[in-house]
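Student: Pasting in a structure now, in C-alpha coordinates, and then I'll have a few things to ask.
The values are calculated or read from the model by the stated rules, or taken from the named source; none is laboratory data. As the structure is a prediction and not an experimental result, all values here were calculated from the model. FYI the Cβ positions are ideal-geometry reconstructions off the backbone, even for glycines, and counts take in every protein chain you see. For the accessible areas, the whole protein counts, side chains as well, though only heavy atoms, and no ligand, DNA or RNA atoms are used. Shrake-Rupley method; radii C 1.70, N 1.55, O 1.52, S 1.80 Å.
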Amino acid sequence: MGALGFAGAALVVLTGREIAAAYPAHLPMVILLAAVSLGAGLFLGARLVRWLAANNDPADAMAPALGFVAASLPLSLLLSRLGRGLAATAPAAFFPPGLATALLAGLVPLGLALGAAGALAVAAARRAEPTQPRKIWLYAGGGAVLGALFIVLVAVPKLSPINACLDIGIGCAAIGILSAAAAPAGNRNYETWLSLLAIVFVLLLPLSGLFDDKTNAWCEPAAAPAMPATPLALPAPAAPAAP
(Lines give C-alpha, C1' and ligand atoms only; values in the text may rest on other atoms or scores of the structure.)
Protein backbone atom coordinates (compact mmCIF):
# COMPACT_ATOMS: atom_id res chain seq x y z
CA MET A 1 0.00 0.00 0.00
CA GLY A 2 2.88 2.34 0.62
CA ALA A 3 4.15 1.91 -2.94
CA LEU A 4 0.67 2.47 -4.38
CA GLY A 5 0.16 5.60 -2.29
CA PHE A 6 3.57 6.91 -3.37
CA ALA A 7 3.00 6.26 -7.09
CA GLY A 8 -0.56 7.55 -7.11
CA ALA A 9 0.11 10.77 -5.23
CA ALA A 10 3.25 11.44 -7.26
CA LEU A 11 1.49 11.21 -10.61
CA VAL A 12 -1.58 13.13 -9.44
CA VAL A 13 0.65 15.98 -8.25
CA LEU A 14 2.74 15.81 -11.42
CA THR A 15 -0.23 15.81 -13.80
CA GLY A 16 -2.24 18.29 -11.75
CA ARG A 17 0.68 20.70 -11.55
CA GLU A 18 1.16 20.54 -15.30
CA ILE A 19 -2.52 21.14 -16.08
CA ALA A 20 -2.88 23.85 -13.44
CA ALA A 21 0.07 25.68 -15.01
CA ALA A 22 -1.73 25.55 -18.37
CA TYR A 23 -5.00 26.89 -16.83
CA PRO A 24 -3.88 29.11 -13.92
CA ALA A 25 -7.21 30.97 -13.75
CA HIS A 26 -9.23 27.75 -13.28
CA LEU A 27 -7.44 26.14 -10.34
CA PRO A 28 -10.62 25.26 -8.35
CA MET A 29 -12.07 23.56 -11.42
CA VAL A 30 -8.81 21.65 -11.97
CA ILE A 31 -8.97 20.32 -8.41
CA LEU A 32 -12.65 19.39 -8.68
CA LEU A 33 -12.34 17.61 -12.04
CA ALA A 34 -9.15 15.86 -10.92
CA ALA A 35 -10.91 14.51 -7.82
CA VAL A 36 -13.89 13.32 -9.88
CA SER A 37 -11.70 11.68 -12.56
CA LEU A 38 -9.45 9.91 -10.07
CA GLY A 39 -12.35 8.87 -7.86
CA ALA A 40 -14.25 7.37 -10.80
CA GLY A 41 -11.19 5.40 -11.85
CA LEU A 42 -10.54 4.14 -8.31
CA PHE A 43 -14.14 3.02 -7.91
CA LEU A 44 -14.28 1.22 -11.25
CA GLY A 45 -10.89 -0.44 -10.72
CA ALA A 46 -11.81 -1.70 -7.26
CA ARG A 47 -15.17 -3.04 -8.43
CA LEU A 48 -13.64 -4.72 -11.46
CA VAL A 49 -10.93 -6.53 -9.55
CA ARG A 50 -13.36 -7.71 -6.87
CA TRP A 51 -15.48 -9.28 -9.58
CA LEU A 52 -12.57 -10.89 -11.44
CA ALA A 53 -10.67 -12.17 -8.39
CA ALA A 54 -13.60 -13.08 -6.17
CA ASN A 55 -12.53 -16.70 -5.68
CA ASN A 56 -8.72 -16.29 -5.84
CA ASP A 57 -6.05 -15.41 -3.32
CA PRO A 58 -5.46 -11.63 -3.72
CA ALA A 59 -1.74 -12.05 -3.00
CA ASP A 60 -1.37 -14.05 -6.23
CA ALA A 61 -2.65 -11.10 -8.28
CA MET A 62 -0.56 -8.36 -6.66
CA ALA A 63 2.37 -8.77 -9.08
CA PRO A 64 0.39 -8.17 -12.31
CA ALA A 65 -1.55 -5.37 -10.60
CA LEU A 66 1.69 -3.59 -9.71
CA GLY A 67 2.89 -4.09 -13.27
CA PHE A 68 -0.34 -2.48 -14.46
CA VAL A 69 0.33 0.48 -12.14
CA ALA A 70 3.93 0.79 -13.39
CA ALA A 71 2.81 0.87 -17.03
CA SER A 72 -0.02 3.32 -16.31
CA LEU A 73 2.32 5.99 -14.90
CA PRO A 74 4.00 7.19 -18.14
CA LEU A 75 0.93 6.21 -20.16
CA SER A 76 -1.37 8.43 -18.08
CA LEU A 77 0.94 11.43 -18.45
CA LEU A 78 1.15 10.94 -22.22
CA LEU A 79 -2.63 10.52 -22.54
CA SER A 80 -3.15 13.69 -20.52
CA ARG A 81 -0.94 15.68 -22.87
CA LEU A 82 -2.48 14.11 -25.94
CA GLY A 83 -6.01 14.86 -24.72
CA ARG A 84 -5.12 18.47 -24.01
CA GLY A 85 -3.57 18.83 -27.44
CA LEU A 86 -6.51 17.29 -29.29
CA ALA A 87 -8.95 19.61 -27.55
CA ALA A 88 -6.79 22.72 -27.79
CA THR A 89 -8.61 24.01 -30.85
CA ALA A 90 -12.13 23.08 -29.65
CA PRO A 91 -14.60 25.92 -29.11
CA ALA A 92 -14.65 27.29 -25.59
CA ALA A 93 -17.56 26.30 -23.35
CA PHE A 94 -18.16 26.47 -19.59
CA PHE A 95 -14.52 25.58 -18.95
CA PRO A 96 -11.47 25.89 -21.20
CA PRO A 97 -11.22 23.30 -23.99
CA GLY A 98 -8.82 20.53 -23.11
CA LEU A 99 -9.10 20.82 -19.33
CA ALA A 100 -11.63 18.03 -18.78
CA THR A 101 -10.13 15.92 -21.58
CA ALA A 102 -6.64 16.13 -20.12
CA LEU A 103 -7.79 15.22 -16.62
CA LEU A 104 -10.06 12.38 -17.73
CA ALA A 105 -7.46 10.90 -20.08
CA GLY A 106 -4.69 11.22 -17.50
CA LEU A 107 -6.33 10.27 -14.23
CA VAL A 108 -9.01 7.71 -15.10
CA PRO A 109 -6.47 5.07 -16.35
CA LEU A 110 -4.31 5.75 -13.30
CA GLY A 111 -7.35 5.42 -11.05
CA LEU A 112 -8.27 2.09 -12.65
CA ALA A 113 -4.78 0.71 -12.00
CA LEU A 114 -4.59 2.08 -8.45
CA GLY A 115 -8.13 0.99 -7.60
CA ALA A 116 -7.49 -2.58 -8.76
CA ALA A 117 -4.09 -2.85 -7.06
CA GLY A 118 -5.35 -1.13 -3.90
CA ALA A 119 -8.33 -3.46 -3.54
CA LEU A 120 -6.05 -6.47 -3.90
CA ALA A 121 -3.53 -5.04 -1.42
CA VAL A 122 -6.24 -4.35 1.17
CA ALA A 123 -7.70 -7.86 0.77
CA ALA A 124 -4.25 -9.46 1.02
CA ALA A 125 -3.32 -7.39 4.09
CA ARG A 126 -6.58 -8.23 5.83
CA ARG A 127 -5.92 -11.93 5.30
CA ALA A 128 -2.38 -11.66 6.60
CA GLU A 129 -3.08 -9.31 9.55
CA PRO A 130 -6.81 -9.25 10.31
CA THR A 131 -6.26 -7.63 13.72
CA GLN A 132 -4.47 -4.50 12.43
CA PRO A 133 -6.62 -2.89 9.71
CA ARG A 134 -5.37 0.63 10.42
CA LYS A 135 -1.85 -0.24 9.40
CA ILE A 136 -2.98 -0.52 5.76
CA TRP A 137 -4.19 3.07 5.58
CA LEU A 138 -1.19 4.31 7.56
CA TYR A 139 1.14 2.88 4.92
CA ALA A 140 -0.99 4.30 2.11
CA GLY A 141 -1.12 7.76 3.67
CA GLY A 142 2.60 7.79 4.43
CA GLY A 143 3.42 6.70 0.89
CA ALA A 144 1.14 9.42 -0.55
CA VAL A 145 2.89 12.12 1.48
CA LEU A 146 6.32 10.88 0.38
CA GLY A 147 5.17 10.70 -3.25
CA ALA A 148 3.94 14.31 -3.23
CA LEU A 149 7.19 15.47 -1.57
CA PHE A 150 9.22 13.53 -4.15
CA ILE A 151 7.59 15.48 -6.99
CA VAL A 152 7.94 18.87 -5.30
CA LEU A 153 11.45 18.45 -3.92
CA VAL A 154 13.14 16.09 -6.39
CA ALA A 155 11.28 15.63 -9.65
CA VAL A 156 10.41 19.26 -10.40
CA PRO A 157 13.89 20.76 -9.84
CA LYS A 158 15.96 17.82 -11.14
CA LEU A 159 13.96 15.51 -13.41
CA SER A 160 11.71 15.74 -16.42
CA PRO A 161 8.11 14.52 -15.87
CA ILE A 162 8.66 11.47 -18.10
CA ASN A 163 11.85 10.64 -16.21
CA ALA A 164 10.01 10.82 -12.89
CA CYS A 165 7.26 8.50 -14.18
CA LEU A 166 9.82 5.98 -15.42
CA ASP A 167 11.70 6.06 -12.09
CA ILE A 168 8.53 5.43 -10.10
CA GLY A 169 7.48 2.74 -12.60
CA ILE A 170 10.79 0.93 -12.07
CA GLY A 171 10.15 0.97 -8.33
CA CYS A 172 6.62 -0.44 -8.79
CA ALA A 173 7.97 -3.17 -11.06
CA ALA A 174 10.62 -4.08 -8.47
CA ILE A 175 8.01 -4.37 -5.72
CA GLY A 176 5.87 -6.43 -8.10
CA ILE A 177 8.77 -8.85 -8.58
CA LEU A 178 9.05 -9.24 -4.80
CA SER A 179 5.30 -9.78 -4.58
CA ALA A 180 5.46 -12.46 -7.27
CA ALA A 181 8.26 -14.24 -5.43
CA ALA A 182 6.32 -14.17 -2.14
CA ALA A 183 2.93 -15.08 -3.61
CA PRO A 184 1.43 -18.41 -2.52
CA ALA A 185 1.11 -19.63 -6.12
CA GLY A 186 4.65 -18.53 -6.96
CA ASN A 187 4.05 -17.77 -10.64
CA ARG A 188 7.50 -17.22 -12.17
CA ASN A 189 6.06 -15.74 -15.35
CA TYR A 190 5.14 -12.56 -13.50
CA GLU A 191 8.73 -12.14 -12.35
CA THR A 192 9.95 -12.46 -15.95
CA TRP A 193 7.48 -9.97 -17.40
CA LEU A 194 8.01 -7.44 -14.64
CA SER A 195 11.77 -7.72 -15.04
CA LEU A 196 11.40 -7.02 -18.77
CA LEU A 197 9.19 -4.03 -18.01
CA ALA A 198 11.78 -2.62 -15.60
CA ILE A 199 14.56 -3.14 -18.18
CA VAL A 200 12.52 -1.31 -20.85
CA PHE A 201 11.99 1.61 -18.47
CA VAL A 202 15.72 1.72 -17.67
CA LEU A 203 16.58 1.79 -21.38
CA LEU A 204 14.10 4.64 -21.94
CA LEU A 205 15.55 6.81 -19.17
CA PRO A 206 18.31 8.41 -21.33
CA LEU A 207 15.65 9.38 -23.89
CA SER A 208 13.17 10.75 -21.36
CA GLY A 209 14.15 14.37 -22.03
CA LEU A 210 13.55 13.94 -25.76
CA PHE A 211 10.18 12.24 -25.14
CA ASP A 212 9.23 15.03 -22.77
CA ASP A 213 9.95 17.75 -25.34
CA LYS A 214 8.10 15.90 -28.11
CA THR A 215 5.02 15.14 -26.03
CA ASN A 216 4.89 18.66 -24.63
CA ALA A 217 4.51 19.85 -28.22
CA TRP A 218 1.24 17.86 -28.41
CA CYS A 219 -0.33 20.37 -26.05
CA GLU A 220 0.23 23.30 -28.39
CA PRO A 221 -2.56 24.15 -30.82
CA ALA A 222 -1.64 23.93 -34.47
CA ALA A 223 -0.25 27.20 -35.67
CA ALA A 224 -2.53 28.94 -38.16
CA PRO A 225 -0.91 30.01 -41.40
CA ALA A 226 0.13 33.63 -41.36
CA MET A 227 -1.99 35.91 -43.55
CA PRO A 228 -0.62 39.05 -45.14
CA ALA A 229 -1.53 42.25 -43.35
CA THR A 230 -2.87 43.91 -46.48
CA PRO A 231 -4.11 42.42 -49.73
CA LEU A 232 -1.65 42.35 -52.54
CA ALA A 233 -1.99 45.39 -54.81
CA LEU A 234 -2.86 44.64 -58.40
CA PRO A 235 -0.83 46.39 -61.05
CA ALA A 236 -2.53 49.48 -62.46
CA PRO A 237 -3.78 49.15 -66.02
CA ALA A 238 -1.53 50.71 -68.62
CA ALA A 239 -2.63 54.08 -70.01
CA PRO A 240 -3.79 53.96 -73.63
CA ALA A 241 -1.24 55.12 -76.16
CA ALA A 242 -1.71 58.61 -77.63
CA PRO A 243 -2.93 58.65 -81.26
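Student: Output ³J(HN,Hα) for segment 14-27: one whole-Hz value per residue in order, computed from phi by the Karplus curve 6.51 cos²θ - 1.76 cosθ + 1.60 with θ = phi - 60°, and x for Gly and Pro.
Tutor: Result, ordered by residue: 5, 5, x, 5, 5, 6, 5, 5, 6, 10, x, 7, 10, 4 Hz.
Student: Sorted by accessible area (1.4 Å probe), largest first, how do Trp137, Trp193 line up?
Tutor: Sorted by accessible area, descending: Trp193, Trp137.
Student: Using protein chains only and a probe of 1.4 angstrom, how many square angstrom of Cys172 are accessible, to the nearest 10?
Tutor: Ignoring ligands and nucleic acids, Cys172 comes out at about 0 Å².
Student: Where does each of 197-209, 36-48, 69-81 land if you order them by average Cβ count within 10 Å, highest first?
Tutor: 69-81, 36-48, 197-209
Student: Under the 0.36 nm per residue contour assumption, what length would be gained going from the current alpha-carbon distance of Arg47 and Arg127 to full extension?
Tutor: Full extension of this stretch gives 26.9 nm more.
Student: At Ile31 and Asp57, where each label point lies 7 Å from the Cα along Cα→Cβ, what is the point-to-point distance in nanometres?
Tutor: 4.4
Student: Run the 1.4 Å probe and let me know the accessible area of Tyr190, rounded to the nearest 10 Å².
Tutor: Taking all protein chains as shown, Tyr190 has close to 80 Å².
Student: For Leu207 paired with Leu138, estimate the spin-label separation in nm (one decimal), with each label point 7 Å from Cα along the Cα-to-Cβ line.
Tutor: That separation, rounded to one decimal, is 4.4 nm.
Student: Putting +1 on Lys and Arg Cβ atoms and -1 on Asp and Glu Cβ atoms, find which of Ala164, Ala113, Val202 reaches farthest to the positive end of the dipole of segment 102-215.
Tutor: Ala113
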